[in-house]
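The values are calculated or read from the model by the stated rules, or taken from the named source; none is laboratory data. Only a predicted model underlies this, so the values are computations on that prediction, with no experimental measurement involved. A quick note on method: Cβ atoms are made from the backbone with ideal geometry, for glycine too, and the neighbour counts reach across all protein chains shown.
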C-alpha cells in the first residue's frame, strides 16, 4: 500500500535557479511577466532571484528590481551566498532568504571557493543575524546524493550538515540531487533518514532530471513522508559546476503526476504551461517537457 500525502507544496525555482545560468539575457520585464504568470497559476512559494555578484552571474544583476516589483504573493525566496548578499536582499525588501552549501568540499570550492566547513562557519553569523531580524531562512544543501567530482555522498555526511543547519536555527532544509544521479531507492533512504532524525523540520526535496528519474525520485520521497518539492517551469535550470547535469524537474510534469494520483497542489497545469510558453522564446534551448509539448500541440 502506497503512503501518499493529501497535499503537496510546490516551490517554483524557475525564475532564479532556472534562469541564473541561461546563456541568453532575459530582461527584467520578461522575468516579471514569467513570475506573475506562475503566480496566477497558483504558485504560492517561489525563488525570485539571487543577490550575487553580477560579474559572476550577470543574469541576476536586476535582483533588486525583481524583488521590489514582483507581486507579493505567498512566500518568496531570494538566494544570498554571504552577508553582503543577505544585506542587499533585505534592503530590497526580501523577507525570506535562502543560503546554500554543498556537502561535497570539491563542489563547494568550485562553486564559491570555500570548503564546506568554511562556508558553514561563515554562514553561522549570517543566519543568526537573519533570525534575529525575523527573516525566514531556507538552507539549500547541494550534492546530497552525488558529486560530479567526488562521486557518491554518504547519508551520514548529509545528516551532519543538516543537523548543523538546524542548530543554527534555519526554518527549512532543501536537499538537492544537484546532478540528477539519484535513484528512487536512494531518494527513499536519504529522506526516510532525514525525516526520522528531524521530524519537526520543514523538509523539501530538489531533483534534477539528468537521467529522467526525477519524477520517480519524487514519488519515492513522498513514500518517506516528504510533501514539499522544488520544481522549475519548463524544466529550466542546470549548474555550471556540475558537468553533464540538466535542468530541474519540470513543474508542469510534477503537478500533472500529483493530480493524477489525487494529490492536491492548488496549481493549474494549463496556466503553468502558459508561463512556459511565454518564457520559451527568451531562452537558448527548446523546451520539450511532456506536458508542455501536449499543451503546444493542443494550442497549434
Exercise. Has region 56-65 got any residue that is touching a helix residue (DSSP H, G or I) at 6+ places or on another chain (Cβ under 6 Å), touching a residue at least 12 places away in the same chain (Cβ under 8 Å) and under 22 Å from residue 250 (Cβ atoms)?
Worked result: no
Exercise. Which of (1) modelled with pLDDT of 95 or more; (2) touching a strand residue (DSSP E or B) at 6+ places or on another chain (Cβ under 7 Å); (3) buried (at least 18 other Cβ atoms within 10 Å of the Cβ) does residue 168 not meet, given it meets every other one?
Worked result: (2)
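Identify, from the list 48, 88, the residue that is in contact with a strand residue (DSSP E or B) (Cβ under 7 Å, 6 or more places away or on another chain) and at pLDDT 95 or above. Walk me through it before giving the result.
Numbers: 88 fails: in contact with a strand residue (DSSP E or B) (Cβ under 7 Å, 6 or more places away or on another chain).
Residue meeting the stated conditions: 48.
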Exercise. Is one or more of the residues making up region 227-236 crowded, with 17+ Cβ neighbours inside 10 Å and more than 16 Å from the chain's Cα centre (by Cα)?
Worked result: no
Exercise. Does any residue of region 227-234 turn out to be more than 21 Å from residue 17 (Cα to Cα) and not in a strand (DSSP E or B)?
Worked result: no
Exercise. Do you know which of the residues in region 23-39 that are free of Cβ contacts under 8 Å to residues at least 60 places away in the same chain and surrounded by fewer than 18 Cβ atoms within 10 Å (Cβ to Cβ) is farthest from residue 77 (Cα to Cα)?
Worked result: 25
Exercise. Mind checking which pairs have a first residue in region 261-282 that is at pLDDT below 95 and a second that is assigned to a loop (DSSP other than H, G, I, E, B), Cβ under 8 Å, 6 or more apart or different chains?
Worked result: none
Problem set entry | region 1-17 - residue that is in contact with a helix residue (DSSP H, G or I) (Cβ under 7 Å, 6 or more places away or on another chain) and in a strand (DSSP E or B) and, of those, surrounded by the most Cβ atoms within 10 Å (Cβ to Cβ) | 12
Exercise. Of all strands (runs of 3 or more DSSP E) completely enclosed by region 90-206, which ones contain at least 3 residues that are in contact (Cβ under 8 Å) with a residue 40 or more places away in the chain and either over 18 Å from residue 51 (Cα atoms) or over 20 Å from the mean Cα position of the chain (by Cα) (or both)?
Worked result: 172-177
Exercise. In the set 20, 59, which member is more than 24 Å from residue 217 (Cβ to Cβ) and crowded, with 19+ Cβ neighbours inside 10 Å?
Worked result: 59
Problem set entry | Residue within region 32-48 that is in contact with a helix residue (DSSP H, G or I) (Cβ under 6 Å, 6 or more places away or on another chain) and within 21 Å of residue 99 (Cβ to Cβ) present | yes
Exercise. Taking region 230-241, which residues are at pLDDT 95 or above and under 20 Å from residue 102 (Cβ atoms)?
Worked result: 230, 232
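Can you tell me which residues in region 180-203 are touching a helix residue (DSSP H, G or I) at 6+ places or on another chain (Cβ under 9 Å) and buried (at least 21 other Cβ atoms within 10 Å of the Cβ)? So that I can check it myself, show each step before the final result.
At the first step, the residues of region 180-203 found to be touching a helix residue (DSSP H, G or I) at 6+ places or on another chain (Cβ under 9 Å) are 180, 182-194, 197-198, 201, 203.
Within region 180-203, 180, 182, 187, 190, 191, 194, 203 meet the criteria.
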